[in-house]
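Asks: Have a look at this one.
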Amino acid sequence: MAAVPIAVITGASSGIGAATARQLAAAGYRVVLTARRKDRIEALAAEINEAGHQATAYTLDVTDRHAVDEFATAFRTLAVLVNNAGGALGADPVATGDPADWRQMYETNVIGTLNVTQALLPALTESGDGTVVILSSTAGLATYEGGGGYVAAKHGEHVLAETLRLEIVGTPVRVIEVAPGMVKTEEFATTRFRGDTEKAAKVYAGVEAPLTADDVADTITWAVTRPSHVNIDLLVVRPRAQASNAKVHRTT
Ligand SMILES: NC(=O)c1ccc[n+]([C@@H]2O[C@H](COP(=O)([O-])OP(=O)(O)OC[C@H]3O[C@@H](n4cnc5c(N)ncnc54)[C@H](OP(=O)(O)O)[C@@H]3O)[C@@H](O)[C@H]2O)c1
């Protein structure tokens with residue numbers, strides 16, 4: 001009997017990561033959920049197992065290289081890594097943005113993805129058919145006012161994906177970048193505005209149907225389950241109401 005392929009998902013405690021864990025589990029992967037909040041990933045793993053699929057939880061901060069390396073020792077072989085952990089902090093202009101926020105966004109989005117990808121690349125290669133997904137953003141492709149620090153970090157992730165693809169071509173690992181536009185998830189905007197739910201709500205105000213976490217998880221699952229010889233290099237997905245980062249149709 002063939003072994004069940006394993007998929008590691010970072011940032012699986014909420015939003016896109018949690019939805020991706022559910023969908024990849026339903027698609028036949030044994031999912032390994034990682035994030036800093038143990039209670040949330042354990043509850044999600046239990047939910048997935050109760051649904052008849054396979055999931056385990058592992059508490060992990062992607063910026064802690066030592067912990068990431070220790071986590072990676074559990075994998076001799078790995079089919080899929082979804083680098084989803086990340087997010088934005090603040091929406092200040094360049095003139096007044098807090099360097100500490102910029103540093104933290106770079107650390108989580110870029111160095112976090114670098115840490116986990118480096119640590120798991122040997123196991124992905126060993127599988128003979130590995131897939132690395134990097135969840136960047138349309139902020140990784142174009143800028144917008146007030147986005148500076150996040151845009152810089154997501155551009156960094158985009159460059160990481162592009163460079164890695166060049167460097168490992170010919171090895172049995174493909175690199176998929178998924179770049180979503182506006183996604184209404186439970187925590188993204190609230191984290192960005194440090195718990196200010198009023199400011200967070202304004203991000204989506206009057207937008208009839210922003211993308212959901214499930215929409216992005218569906219996109220990731222589709223890309224990951226393409227035949228082995230197919231590589232979805234970069235997939236941009238936006239809601240219909242959004243034509244660019246700053247051009248959004250609002251009804252109010
Ligand atoms: N929402 C959007 O509009 C949108 C659009 C494009 C791209 N994205 C990207 O999509 C990804 C997921 O976003 P989301 O909307 O689902 O946001 P979210 O609900 O805030 O989820 C962020 C996830 O990242 C985890 N995380 C943050 N820092 C971490 C760290 N140091 N170590 C490990 N895990 C960490 C969080 O878990 P813990 O706090 O439990 O660690 C959480 O599970 C992010 O990379 C984001 O930049 C979002």
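Asks: What about Gly156, is it part of a loop (DSSP other than H, G, I, E, B) and at pLDDT 95 or above?
Replies: Criteria not met by Gly156.
Asks: Let me ask something else about it. Kindly check whether there is at least one residue in segment 9-21 that is away from the ligand (no atom under 13 Å from the Cβ) and either within 20 Å of Arg76 (Cα to Cα) or out of contact with any Ser or Thr (no Cβ under 9 Å at 6 or more places or on another chain) (or both).
Replies: Within segment 9-21 (the criterion being away from the ligand (no atom under 13 Å from the Cβ) and either within 20 Å of Arg76 (Cα to Cα) or out of contact with any Ser or Thr (no Cβ under 9 Å at 6 or more places or on another chain) (or both)), the answer is no, since none of the residues qualifies.
Asks: OK, next. Yes or no: Leu33 under 21 Å from Ala213 (Cα atoms), without any contact (Cβ under 8 Å) to a residue 60 or more places away in the chain, within 15 Å of the ligand (Cβ to nearest atom) and not basic (Lys, Arg)?
Replies: Judged against the criteria, Leu33 is a match.
Asks: Let me ask you something else. Looking only at segment 132-144, decide whether some residue is in contact (Cβ under 8 Å) with a residue 60 or more places away in the chain, farther than 26 Å from Leu211 by Cα, buried (at least 20 other Cβ atoms within 10 Å of the Cβ) and in contact with a helix residue (DSSP H, G or I) (Cβ under 9 Å, 6 or more places away or on another chain).
Replies: no
Asks: Would it be correct to say that Thr77 is away from the ligand (no atom under 13 Å from the Cβ) and either closer than 25 Å to Gly140 by Cβ or touching a residue at least 40 places away in the same chain (Cβ under 8 Å) (or both)?
Replies: In short, yes.
Asks: Same structure again: Could you check, for segment 59-80, whether at least one of its residues is buried (at least 22 other Cβ atoms within 10 Å of the Cβ), within 30 Å of Val175 (Cβ to Cβ) and not hydrophobic (A, V, I, L, M, F, W, C)?
Replies: no
Asks: Okay, next question. Do you know which of the residues in segment 3-38 that are over 12 Å from Val82 (Cβ atoms) and of a type in the set (S, T, N, Q) is surrounded by the fewest Cβ atoms within 10 Å (Cβ to Cβ)?
Replies: Out of the qualifying residues, it is Ser14.
Asks: State which residue is farthest from the ligand (Cβ to nearest atom) when the search covers only segment 190-233 and only residues that are closer than 17 Å to Ala27 by Cα and of a type in the set (Gly, Ala, Ser).
Replies: Top of the filtered list is Ser228.
Asks: Is it fair to say Leu60 is within 11 Å of the ligand (Cβ to nearest atom) and under 17 Å from Ala123 (Cβ atoms)?
Replies: The answer is yes for Leu60.
Asks: While we're on this one: Within segment 165-200, how many residues turn out to be closer than 21 Å to Thr113 by Cβ, acidic (Asp, Glu) and not in a helix (DSSP H, G or I)?
Replies: Counting residues in segment 165-200 that are closer than 21 Å to Thr113 by Cβ, acidic (Asp, Glu) and not in a helix (DSSP H, G or I) gives 2.
Asks: Restricting to segment 99-121, name every residue that is over 16 Å from Val159 (Cβ atoms) and free of Cβ contacts under 8 Å to residues at least 24 places away in the same chain.
Replies: Listed by number, the residues that qualify are Pro99, Ala100, Arg103, Gln104.
Asks: Conditions first: (1) of a type outside the set (Phe, Trp, Tyr); (2) within 9 Å of the ligand (Cβ to nearest atom); (3) buried (at least 21 other Cβ atoms within 10 Å of the Cβ). Glu177 passes all but one, so which condition is the exception?
Replies: For Glu177, the exception is condition (2).
Asks: Among residues belonging to segment 115-125 that are crowded, with 19+ Cβ neighbours inside 10 Å and away from the ligand (no atom under 11 Å from the Cβ), point out the one that is nearest to the chain's Cα centre (by Cα).
Replies: Thr117
Asks: I'd like the full set of residues that are surrounded by 12 or more Cβ atoms within 10 Å (Cβ to Cβ), polar (S, T, N, Q) and either assigned to a loop (DSSP other than H, G, I, E, B) or over 15 Å from the mean Cα position of the chain (by Cα) (or both), limited to segment 204-243.
Replies: Thr212, Thr225, Asn231, Gln242, listed by residue number.
Asks: Just the residues that are closer than 19 Å to Asp129 by Cα and touching a residue at least 40 places away in the same chain (Cβ under 8 Å), please, taken from segment 145-167.
Replies: Those that are closer than 19 Å to Asp129 by Cα and touching a residue at least 40 places away in the same chain (Cβ under 8 Å): Ala161, Leu164, Arg165.
Asks: Further question on the same structure: Looking at segment 46-142, what strands (runs of 3 or more DSSP E) fall wholly within it and have at least 3 residues that are of a type in the set (Ser, Thr, Tyr)?
Replies: Qualifying strands (runs of 3 or more DSSP E): 54-59.
The values are calculated or read from the model by the stated rules, or taken from the named source; none is laboratory data. Just so it is clear, the structure is predicted and the values come from calculations on it, not from any experiment. No Cβ is skipped: glycine too gets one built from the backbone with ideal geometry, and neighbour counts run over all protein chains shown.
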